[in-house]
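The values are calculated or read from the model by the stated rules, or taken from the named source; none is laboratory data. Not measured: the values here are computed from a predicted model. Don't worry about glycine lacking a Cβ; one is built from the backbone with ideal geometry, like all the others, and counts go over all protein chains shown. Keep in mind that these areas ignore ligands, DNA and RNA; they rest on the heavy atoms of the full protein, side chains included. Shrake-Rupley method; radii C 1.70, N 1.55, O 1.52, S 1.80 Å.
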Amino acid sequence: MNTHRIHRVAKLTGLSKDVIRVWERRYGLVKPSRSSNRYREYSDEEVALLRFVKAQMEEGTTIGALAGEGHDSLIARMRLARPISSEEQQPHERLLDELMGALDPLDKAGFERRLNGAVAVIPFEEAVQRVLLPLQCRVGERWHQGHLTIAVEHYVTKLIQQKMFSVMNQLSVNESGPCVLIGCPEGESHEIGAQAVAYIAATRGCHVYYLGPNLPSSDLLSFCDRIHPDLVLLSITETKSDADARRQIQELEIVSAHWPVAVGGQGARAMGELLRDTKIELLDDLTALQRRLMTLLLQHMLPSRG
Ligand code: B12
């Protein structure tokens, strides 16, 4: 996970450094860690918390009330409420142009310097949406057009995947959170959408099982029978013919007869009509995912009524 020094946090949040320090010292609202040379270091989540507190105050809540609620409760509330703003979803066009320019001819050092530099200074969720997902699309498109070799495509795809997994592996596993299984159905090998979904679900406090691409429904079902997921989230990128889409839906209905299943991605959106009369839920985008996860987390927090 990224950490940020206070001057960067001030830029990211629009708060002054003094305000950030006061909110820490006087109100205990944020809990930065300290580097070996005693500089404050703020995680992505602490930065998001500062933005959340700022937004709450703009809506009229007093700092005293927020302080009274306490850091951990605010974090929990923020995880439930945090919207993915449209600004956070706009691709970083200039950076993407530079990155693509460093691929042909391949300038590995230049490419990694730019990519690492950019990803280090913005909250990782924003980096996923504005840099990693669009980069994967651009590289994929160049490969599809025959302008990029398989080797260079693989190099970038693996680098993107490593980044997503290394950050996800640093998140603590929330064993008591709702259990969410994430992957792609059989025949689907485009994986980045599923990875983004897994990252978002993990940061919202779900207990994530990430199974990757190309999962046959029979295996999916037997795995569900073992882990009893609260939700199965599947990413579908490729668009199918009507007949193939019907076949895929029939397969998924084997799972959705027993477990809640939701699908998303451009291929899933194209199946919208066919999904209408099934128990399979269609989630249009990452904002819809966020809403769905919020409901799931709230249900999970409520005591069971038997
Ligand atoms: C990147 C890419 C690749 C990469 C894949 C890397 C990887 N391992 O993931 C590479 C270059 C390897 C590749 C290969 C192939 N590809 Co390709 N690829 C693309 C490309 C350029 C982008 C697809 C993508 O990843 N989009 C990003 C996703 C995540 O966007 P999205 O689906 O809209 O999802 C968004 C949200 O909905 C959400 N989301 C995603 N999933 C979910 C799930 C849930 C539950 C929720 C809530 C939300 C959600 O996240 C996204 C956020 O913005 C598209 C063309 C295009 N521009 O779309 C072709 C495309 C998908 N590929 C295509 C094909 C055919 C292939 C190959 C089969 C080609 C071949 N003959 O070998 C191979 C097979 C795949 C493989 N072996 O890996 C075709 C599919 C045709 C079709 N019928 O739809 C496309 C459309 C290209 C084309 N125009 O023909 N591809």
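Hey, could you check the range 241-258 for residues that are out of contact with any Lys or Arg (no Cβ under 7 Å at 6 or more places or on another chain) and touching a residue at least 60 places away in the same chain (Cβ under 8 Å) and say which is nearest to the ligand (Cβ to nearest atom)? Here the residue is 252.
Looking at residue 144, is it in contact (Cβ under 8 Å) with a residue 40 or more places away in the chain, open to solvent by 20 Å² or more (accessible area, probe 1.4 Å) and within 13 Å of the ligand (Cβ to nearest atom)? Lay out the reasoning, then the answer.
Working: in contact (Cβ under 8 Å) with a residue 40 or more places away in the chain: no; open to solvent by 20 Å² or more (accessible area, probe 1.4 Å): yes; within 13 Å of the ligand (Cβ to nearest atom): yes.
So residue 144 does not fit the description; no.
All of 211, 231, 148 fail the test of being in contact with a Pro (Cβ under 6 Å, 6 or more places away or on another chain) and not aromatic (Phe, Trp, Tyr), apart from 231. Residues being within 25 Å of residue 80 (Cα to Cα) and at pLDDT below 95 are represented in the range 278-285 by at least one member.
Can you give me the number of residues within the range 160-174 that are open to solvent by 50 Å² or more (accessible area, probe 1.4 Å) and farther than 14 Å from residue 204 by Cβ?
Taking the range 160-174 and keeping what is open to solvent by 50 Å² or more (accessible area, probe 1.4 Å), we get 162, 165-166, 169-170, 172-174.
Filter once more, so that each one left must be farther than 14 Å from residue 204 by Cβ: 162, 165-166, 169-170.
Summing the residues that are open to solvent by 50 Å² or more (accessible area, probe 1.4 Å) and farther than 14 Å from residue 204 by Cβ in the range 160-174 gives 5.
Taking each residue of the range 189-209 that is closer than 12 Å to residue 265 by Cβ and looking for partners that are within 12 Å of the ligand (Cβ to nearest atom) and in a loop (DSSP other than H, G, I, E, B) with beta-carbon atoms closer than 7 Å, six or more apart or interchain, yields 190/237; 190/238; 193/237; 193/265. Candidates in the range 3-35 are the residues that are farther than 23 Å from residue 171 by Cβ and of a type in the set (Ser, Thr, Tyr); of these, the one that is modelled with the highest pLDDT is 16. For the range 216-233, the condition holds for no residue, the condition being that it is under 21 Å from residue 164 (Cβ atoms) and without any contact (Cβ under 8 Å) to a residue 40 or more places away in the chain.
Pairing each residue of the range 263-286 that is free of Cβ contacts under 8 Å to residues at least 40 places away in the same chain and more than 12 Å from the ligand (Cβ to nearest atom) with any residue that is open to solvent by 20 Å² or more (accessible area, probe 1.4 Å) and among the small types (Gly, Ala, Ser), provided the two are 6+ apart or on different chains, yields C-beta distances under 8 Å for 279/257.
Taken as a whole, the range 71-93 holds at least one residue that is at pLDDT 90 or above and under 22 Å from residue 140 (Cα atoms).
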